[in-house]
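Here's the structure, in structure tokens; my notes come after.
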Amino acid sequence: MYPDSYRLKPEAYNMSQLPLDRLMRELAAFLGTPLAFEHGIYRLTVPLPMGRRQEVSASVRPDEEGRQIIAFVSTVGEARRSVDPWGLLRSNGNYIYCRVALLGTMVAVIASQLLHTAQPEEVLLMLREVAQAADHLERQMFLGDHY
């Protein structure tokens, strides 16, 4: 851990979700997709090649140090015996921003970014990678488009 002098205090951050709101609205407009917001979670459907789409959620949560983190999540499917866990772990080596994770009993693709340093271009790349990875895993390991 770093000494306190190397860390910004939580009150130095803009703790409101307004930066995420503006960012998500800009991304939805750029992608030409509707944006939904409910219970602190933004949802948008990311257009993919060949007319495919994938829903991705975004929310802000604090990390252990109190910094605001944007979390992007796209659900892939229910974990079951027929899903190869080693294949899921191997797939994590294919991505730049995202990773495959188990959230409860659901397999999901997730990515995180500091809200304070989020840049629209990088967030767009992250969002698209999450959507493409989730769509690919759905078709490859879950044999269908469920989410």
All-but-one check, R43 against (1) farther than 22 Å from E138 by Cα; (2) of a type in the set (K, R); (3) within 14 Å of the chain's Cα centre (by Cα), failing number (1)
Pairing a residue in segment 45-70 that is free of Cβ contacts under 8 Å to residues at least 40 places away in the same chain with any residue that is among the acidic types (D, E) and in a strand (DSSP E or B), where Cβ atoms lie under 7 Å and the two sit 6 or more apart in sequence or on different chains, gives T45/E55
Scanning segment 104-117 for residues that are in contact (Cβ under 8 Å) with a residue 12 or more places away in the chain and surrounded by fewer than 12 Cβ atoms within 10 Å (Cβ to Cβ) gives T105
Counted residues in segment 77-101 being surrounded by 12 or more Cβ atoms within 10 Å (Cβ to Cβ), closer than 22 Å to R61 by Cα and hydrophobic (A, V, I, L, M, F, W, C) come to 3
Every listed condition ((1) at pLDDT below 90; (2) surrounded by 15 or more Cβ atoms within 10 Å (Cβ to Cβ)) holds for V60 save (1)
* Say whether the condition of being out of contact with any helix residue (DSSP H, G or I) (no Cβ under 6 Å at 6 or more places or on another chain), more than 21 Å from L20 (Cα to Cα) and at pLDDT 90 or above is met by at least one residue in segment 115-132. => yes
Reported set for segment 17-39 where residues are surrounded by 11 or more Cβ atoms within 10 Å (Cβ to Cβ) and either over 18 Å from E122 (Cα atoms) or not aliphatic (A, V, I, L, M) (or both) is Q17, P19, D21, R22, R25, E26, T33, L35, A36, F37
Residue pairs within 8 Å by beta carbon, gap of at least six or interchain, first lying in segment 118-144 and free of Cβ contacts under 8 Å to residues at least 12 places away in the same chain and within 21 Å of A79 (Cβ to Cβ), second surrounded by fewer than 16 Cβ atoms within 10 Å (Cβ to Cβ) and among the hydroxyl-bearing types (S, T, Y), listed first then second, are none
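The values are calculated or read from the model by the stated rules, or taken from the named source; none is laboratory data. Note that the coordinates shown come from a computational prediction; the quantities given were computed from them, not determined experimentally. In this analysis, Cβ positions are derived from the backbone assuming ideal geometry, glycine residues included, and neighbour counts consider all displayed protein chains.
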